């Protein structure tokens, strides 16, 4: 199963293995956690299922969604897309301003999502993103194999 292969790659590279949208699959694969979009499982239900595993919530470009996720005890809040992405259609555009605003009222870790690559990731980290969610740059990169793309981000 591809999930087990990805889990091993994550483990070797000392990065968290987070399943998108599916807490049940996260449990089945013994992933580090799950990321939920606004239309996925209710955060309280997901928290109960996942127990101590990481649970993150997409907040798009909304401070209100961030406040709701924080109140529901999300382990992290995610904003994006910060750049055009080939992984998903970009419905919401976030700017680094939101990272700086949110950091003023919470200690909840912030994840930046969307079109992140070796050229633009540092700016997000310099503007209060604690973590980066990177998919297409690693898995759909025509120039580098996944492990090579990961190396370029160190």
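The values are calculated or read from the model by the stated rules, or taken from the named source; none is laboratory data. A quick note: this is a predicted structure, and the numbers were derived from the prediction, not measured. Cβ sites come from the backbone with ideal geometry, for glycine too, and all protein chains shown count toward neighbours.
Values as computed for the structure displayed
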{"item": "Residues located in segment 117-154, provided they are assigned to a loop (DSSP other than H, G, I, E, B), under 11 Å from the mean Cα position of the chain (by Cα), closer than 17 Å to residue 90 by Cβ and touching a residue at least 24 places away in the same chain (Cβ under 8 Å)", "result": "135"}
{"item": "From the options 44, 7, residue that is touching a residue at least 24 places away in the same chain (Cβ under 8 Å) and over 20 Å from residue 77 (Cβ atoms)", "result": "7"}
{"item": "Candidate set: segment 82-108, residues that are assigned to a loop (DSSP other than H, G, I, E, B) and in contact with a strand residue (DSSP E or B) (Cβ under 6 Å, 6 or more places away or on another chain); chosen: the one surrounded by the fewest Cβ atoms within 10 Å (Cβ to Cβ)", "result": "108"}
{"item": "Entirely in segment 1-62, the strands (runs of 3 or more DSSP E) that have 2 or more residues that are touching a helix residue (DSSP H, G or I) at 6+ places or on another chain (Cβ under 7 Å)", "result": "33-36, 54-58"}
{"item": "Cβ-Cβ under 8 Å pairs, at least 6 apart or on other chains, segment 19-31 side touching a residue at least 60 places away in the same chain (Cβ under 8 Å), far side in a helix (DSSP H, G or I)", "result": "none"}
{"item": "Test: residue in segment 70-81 that is at pLDDT 95 or above, over 26 Å from residue 3 (Cβ atoms), in a helix (DSSP H, G or I) and in contact with a strand residue (DSSP E or B) (Cβ under 8 Å, 6 or more places away or on another chain)", "result": "yes"}
